[in-house]
């Protein structure tokens, strides 16, 4: 696989770290800025709103720019946002900086997916996307725990300075490894053509599958800590290590999904969603004992992220004339799933159905995702396009390669 995928993975690692580390630093930030924990929680929402706003907006306005320059520019904006976070004097400034940090998130993955798929042959596109997302899943294993430790030991501001350094490393990697001149490096359709591509019903069905499928994940994962402590009986001090297991499962599921999707994109999607339904339905039982709870965490990550590559590729396929905007919109859909899933899981808790009830609510969302995916399949079959679709930017694979097992 091309070495340039490593540069994309480094950027994804930094983005994954800054997205999720705030959850572990909320008490430290709240104490330092003299605000409540719920108020500090708005810093998580500010980042997510930045992703939802920035993903389609930045992808659209940069449609006529060379993708290499776009990726470097997006990562520069990421560095600025995290540096401003480190030096924010008050909560309002930090909210604005977190919003700014979230703006390039979706567009980076959207444009990066187009670049990644354009550097490999048709039968390796899903694996290329999964290798880019590897940085995001590894961030949950290594980046977030390390960044949380740094923040607890040296102050939360040091964490964001460290993330800025990762961003600078990503800029250097992108500048060094991404090819300067490639075919179809600039989207041929421009802003109007990219927006026109989003009028397609199959595109919106694919985005709807993302919202429902990953909403199922976040319905359960948002409340995984009280499940582990109150139901499985783990001490608070063990939760960080147990959450790293989620990253292990997500990494395995992401890589497996990439390989399987190159053989059958829709089969992998349906298989992942069915697996997610089964895992979430069994969650209350598995969270009942200390030995099975860690297995449940691993399986949750694996089942959910098995669908990440096929979902992204399906969106890109359905909007083949505007893949950057479509795949960026998919990241916005992912963050809508984050917020919506957490809200639905919270409703189950507030209704008094028990600490593991968000998982059952998530199972219902996963079933909904299956239903939307089935409708999308029916629409494609009626249009005679179930096996059709080409992802743009399929230029000649580069010669610099890493071993295939990566």
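Please treat every number below as a calculation from the coordinates, not as lab data. Because the structure is predicted, anything quoted here is derived from the model rather than measured. Methodologically, a virtual Cβ is constructed for each residue, glycine included, from the backbone with ideal geometry; neighbour enumeration extends over all protein chains shown.
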## Note on the structure
Contact order relative to length for the chain, counting C-alpha pairs under 8 Å separated by 6 or more residues, stands in percent at 27
### Query
Which of the peptides 152-164, 94-106 is most tightly packed, and how do the rest follow, going by the mean number of other Cβ atoms within 10 Å of each residue?
94-106, 152-164
### Query
Can you pull the three principal axis extents for the Cα set of the chain, in Å, largest first?
54, 47, 39
### Message
For the ranges 136-146, 285-295, 233-243, what's the packing order if you count other beta-carbon atoms within 10 Å of each residue, average per peptide, and put the highest first?
### Response
136-146, 285-295, 233-243
### Summary
For the range 1-186, using Cα atoms only, the Rg and Dmax in Å read 16.4, 54
#### Entry: Separation of alpha-carbon centers, the range 140-177 and the range 3-33, rounded to whole Å
7
### Message
How would 123, 317 line up from fewest to most surrounding beta-carbon atoms within 10 angstrom?
### Response
123, 317
### Summary
In whole µm²/s, the translational diffusion coefficient that Stokes-Einstein assigns to the range 188-393, given a Kirkwood hydrodynamic radius over C-alpha pairs, 25 °C and 0.890 mPa s, equals 142
### Query
Fully extended, how many nm does the chain gain between residue 93 and residue 201 (0.36 nm per residue separation, minus their Cα-Cα distance)?
34.9 nm
### Task
Indicate the gyration tensor shape class of the range 40-102 (rounded, prolate or oblate), computed on the Cα atoms with a ≥ b ≥ c the square roots of the eigenvalues: a/c under 1.5 is rounded; otherwise a/b larger than b/c is prolate and the rest oblate.
oblate
### Whole-angstrom gap from the range 86-118 to the range 304-335, using each part's C-alpha centre
18
### Task
Report relative contact order for the range 197-322 in percent, whole number only (criteria: Cα-Cα under 8 Å, sequence separation at least 6).
41
### Message
With the crude spin-label approximation of a point 7 Å out along Cα→Cβ, what separation in nm comes out for residue 281 versus residue 57?
### Response
4.2
### Message
Counting only helical runs of four or more DSSP H residues, what would the 222 nm mean residue ellipticity of the chain come to if each run contributes -39,500 (n - 2.57) and the total is spread over all its residues?
### Response
-25500 deg cm²/dmol
### Task
Give the peptides 250-256, 309-315 in descending order of average Cβ contacts within 10 Å, highest first.
309-315, 250-256
